[in-house]
1. List every residue pair whose Cβ atoms lie under 6 Å apart, where the two residues are 6 or more positions apart in sequence or sit on different chains, the first residue falls within region 92-107 and is without any contact (Cβ under 8 Å) to a residue 40 or more places away in the chain and over 12 Å from Asp54 (Cβ atoms), and the second residue, located anywhere, is polar (S, T, N, Q) and outside any strand (DSSP E or B).
2. Run Val118 past the list (1) among the β-branched types (Val, Ile, Thr); (2) touching a strand residue (DSSP E or B) at 6+ places or on another chain (Cβ under 6 Å); (3) modelled with pLDDT of 95 or more and report the number of the one that doesn't hold.
3. Report, by residue number, each residue of region 49-99 that is of a type in the set (Phe, Trp, Tyr) and either part of a helix (DSSP H, G or I) or surrounded by 12 or more Cβ atoms within 10 Å (Cβ to Cβ) (or both).
4. Among what's in region 17-42 and is in a strand (DSSP E or B) and either under 12 Å from the mean Cα position of the chain (by Cα) or of a type in the set (D, E, K, R) (or both), pick the residue that is nearest to Met60 (Cα to Cα).
5. Inside region 72-102, can you point out the residues that are modelled with pLDDT under 95 and polar (S, T, N, Q)?
6. For the list (1) at pLDDT 95 or above; (2) within 18 Å of Glu110 (Cβ to Cβ); (3) of a type in the set (Phe, Trp, Tyr), I need the number of the one condition that Tyr7 fails.
7. Of the residues that sit in region 30-48 and are charged (D, E, K, R) and in contact with a strand residue (DSSP E or B) (Cβ under 7 Å, 6 or more places away or on another chain), which one is surrounded by the fewest Cβ atoms within 10 Å (Cβ to Cβ)?
8. Any idea which of (1) in a loop (DSSP other than H, G, I, E, B); (2) modelled with pLDDT of 95 or more; (3) loosely packed, with under 13 Cβ neighbours inside 10 Å is the one Ser14 doesn't satisfy?
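The values are calculated or read from the model by the stated rules, or taken from the named source; none is laboratory data. From a predicted model like this one, the values you see are computed outputs, not experimental measurements. Cβ sites come from the backbone with ideal geometry, for glycine too, and all protein chains shown count toward neighbours.
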Amino acid sequence: MKPPLIYVLDDDDSVRIALDSYIRCLGFNVETFSSGRQLLASAHLVEVSCVISDVQMPAMNGFDVLAALQQMQPPVPVILLTAFFEDCLKRKALALGATAFLSKPFSSAEMLKALEAVL
């Protein structure tokens, strides 16, 4: 059986590379993207098990990506990340359907717990 496919979306190269490496070490397949439009145009979007997305990005932010993925049938689980944590953003994310809302920097245990809740 093929391991789950996880998409990582972040406009920061170092965050994208670190998440890619960590999630691969957990045994998952990973594809990374630097923009929401790029991710949503992916040919493998229907195969993705979870999307991990930054909130603050130019053009299309994490909430925009979350909204688009919630329109899919079935909706794609989304874990949102932010370096600018605010309770109101967390409430908004969860109300819009995010499965988790993590503050950067997050621990590997927090990310693992969020992934296990989805998969």
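1. Gly97/Gln70
2. The number of the failed condition is (3).
3. Taking region 49-99 first, the residues of a type in the set (Phe, Trp, Tyr) are 63, 84-85.
Within region 49-99, Phe63, Phe85 meet the criteria.
4. Ranking the candidates gives Phe33 first.
5. Gln73 - this is the single residue of region 72-102 that is modelled with pLDDT under 95 and polar (S, T, N, Q).
6. Evaluating Tyr7 over (1) at pLDDT 95 or above; (2) within 18 Å of Glu110 (Cβ to Cβ); (3) of a type in the set (Phe, Trp, Tyr) leaves (2) as the failure.
7. Glu47
8. (1)
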